[in-house]
Amino acid sequence: MAKIKGITVQIGADTKGLEAALKDVNQSAGKLRSELREVERLLKFNPRDTELLAQKQKLLTDQVENTRAKLQQLRDVQEQVNEQFKKGEIGEEQYRAFQRELIKTESQLKEYEK
């Protein structure tokens with residue numbers, strides 16, 4: 001989840017904090033992760049259950065799409081964050097936190113796509 005406070009971005013005509021902008025995506029990711037863990041736990045008991053395997057595939061597909069959406073949002077605001085950092089509107093710590101979140105999301109997407 002994003003731990004980035006103090007970065008204000010403009011998405012469409014709406015100006016809000018980056019954390020608020022990613023709130024829906026992060027909530028959805030959390031729910032998907034939780035459900036996926038439950039399915040994987042059940043698959044340990046019955047690894048050939050076709051219903052559970054189908055659910056796992058669907059959840060992984062949803063997770064990939066959700067992570068792509070989050071990555072796209074981060075890339076969309078990356079230029080704004082870079083400008084804010086250059087102008088001194090955000091600190092170096094916030095800038096590094098944004099960069100870490102971007103890298104983490106890219107890595108998660110690659111992992112989910114495997």
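No lab work stands behind these numbers, since they all come straight from the coordinates. Keep in mind that what you see is a predicted model, and the values were worked out from it rather than measured. Glycine also receives a Cβ, built like all others from the backbone with ideal geometry; neighbour counts cover every protein chain displayed.
At a glance:
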item: Full-extension gain in nm, GLN27 to GLU93, via 0.36 nm per residue minus C-alpha separation; result: 21.3 nm
item: Top positive-direction residue, dipole computed over the chain with Cβ charges, set TYR112, LEU43, PHE85; result: LEU43
item: Over 21 Å between alpha carbons, listed pairs LYS23/LYS114; LYS31/LYS56; LYS23/LYS70; LYS23/LYS104; LYS70/LYS110; result: LYS23/LYS114
item: Calculated [θ] (222 nm, deg cm²/dmol) that DSSP helices of n ≥ 4 give over the chain, each run adding -39,500 (n - 2.57); result: -26500 deg cm²/dmol
item: Förster-model FRET efficiency, 25 Å R0, LYS44 and VAL64, C-beta, rounded to 0.05; result: 0.65
item: Extreme residue, positive dipole direction of the chain, given options GLN57, SER28, LEU71 (C-beta unit charges); result: GLN57
item: Candidates per GluC sites (Glu not before Pro) in the stretch 33-114, loop by DSSP, up to 16 other Cβ within 10 Å; result: GLU89
item: Nearest-0.05 FRET efficiency for LYS86 and LEU53, computed from C-beta distance (R0 35 Å); result: 0.10
item: Label point distance in nm, LYS104-GLU79, each placed 7 Å from Cα along Cα→Cβ; result: 2.6 nm
